[in-house]
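Have a look at the structure below, then the notes.
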Amino acid sequence: MKEDQFLHNKKIAISISESPDLTKNGFGLEHMRHFTVELAQQLLKAGAILVYGGDLRYNEQFNFVNVLKDLVRTYRPKHIEGHRVINYVCYPLHKVLNAELKADIGQFVELIQVDTEEDTSLDAGLLFKDKMLLSEEEKAFYDKEWAKGLEDMRTQMANETHARVIIGGKTEDYKGPYPGIREEAYYTDRKSVV
């Protein structure tokens, strides 16, 4: 291990998503992106394994999984073997990932599918529809299934990482009973030591 690899094989989770209060504080998405890329580069340079729990299909201006994939592809030292990025994929998302996307990402990012005991009382296809178009029974199913899947993923991530860096996250329009950033901080704080 080189001296500058002081985080050699330490798993560092990163919590990031669009934050609604960025502009209120004089920042924009580009600031968050630049900061996150610089942080990820420095953590990788220090030997860390970056851990994230993102939706591979996310097609907004800022898909952090793709940013991490590109960083590893560009900056991966030849002497380091194995994946330097791990992405946890919660239920129900791992049910809809196609093989081509998994193969593309999987070259550079280890994908860990987190299973959850599913409720089969309604069609799981409802979990990918616009919630506003669902009946009250379907909305309850939608909320419960997403909350379970995300909670299981966040708990497993917290228990399998050494540290977490919290950068920002949604505080509205989130899936689950609480904002993801809050849940991630909570489970990290409660975790057993790796």
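Overview of results
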| read-out | value |
| --- | --- |
| R0 of 22 Å, Cβ-Cβ distance F27-F6: FRET efficiency to nearest 0.05 | 0.15 |
| Cα centre as origin, Lys/Arg/Asp/Glu Cβ charges: the stretch 49-194 dipole, Debye | 760 |
| Amide hydrogen neighbours beyond the local backbone of Y88, cut-off 5 Å, H modeled | Y52, G53, G54, I112 |
| Per-residue ³J(HN,Hα) for the stretch 98-113, Karplus 6.51 cos²θ - 1.76 cosθ + 1.60, θ = phi - 60°, Hz, x for Gly and Pro | 7, 4, 5, 5, 4, 5, 5, 5, x, 5, 10, 10, 6, 9, 10, 8 |
| Euclidean distance between Cα centres, the stretch 1-55 to the stretch 130-173, Å | 21 |
| Value of Rg to Rh for the chain (Rh from inverse mean 1/r over Cα pairs, i.e. Kirkwood) | 0.97 |
| Zero-based 5 Å bins, Cα pair distances in the stretch 128-194, whole percents | 3, 17, 23, 22, 15, 10, 7, 3, 1 |
| Relative contact order [Cα under 8 Å, 6+ residues apart], the chain, whole percent | 28 |
| HN-Hα J in Hz across the stretch 160-176 - Karplus 6.51, -1.76, 1.60, θ = phi - 60°, x for Gly and Pro | 10, 10, 8, 7, 9, 10, 9, 9, x, x, 5, 10, 8, 6, 10, 9, x |
| Net dipole in debye of the stretch 109-152 [+1 Lys, Arg Cβ; -1 Asp, Glu Cβ; about Cα centre; nearest 20] | 200 |
| Chymotrypsin sites (Phe, Trp or Tyr not before Pro) lying in DSSP loop within the stretch 118-178, provided at most 12 other Cβ fall within 10 Å | none |
| Förster-model FRET efficiency, 30 Å R0, D189 and V96, C-beta, rounded to 0.05 | 0.45 |
| Of L133, V114, V72, farthest towards positive along the dipole that unit charges on Lys, Arg, Asp, Glu beta carbons give the stretch 1-143 | V72 |
| Enclosed volume per residue, in Å³, of the convex hull spanned by Cα atoms of the stretch 1-45 | 72 |
| Heavy-atom surface of the chain, accessible at 1.4 Å and reported per residue (Å²) | 57 |
| Portion, in percent, of the accessible area of the stretch 20-137 that falls on carbon or sulfur, probe 1.4 Å | 49 |
| Rg/Rh (Cα only; Kirkwood hydrodynamic radius) as it applies to the stretch 23-135 | 1.04 |
| Cβ-based charge dipole, the chain, positive-most Cα from N63, I14, L43 | L43 |
| 29 Å Cα-Cα threshold exceeded, pairs from K69/K139; K139/K170; K11/K129; K24/K129; K11/K148; K45/K144 | K69/K139; K11/K129; K24/K129; K45/K144 |
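The values are calculated or read from the model by the stated rules, or taken from the named source; none is laboratory data. Here the structure is a predicted model, which means the values were calculated and not measured. Note that we place each Cβ from the backbone using ideal geometry, even for glycine, and neighbour counts take in every protein chain shown. In case anyone asks, the SASA skips ligands and DNA or RNA and just uses the protein heavy atoms, side chains included. Shrake-Rupley method; radii C 1.70, N 1.55, O 1.52, S 1.80 Å.
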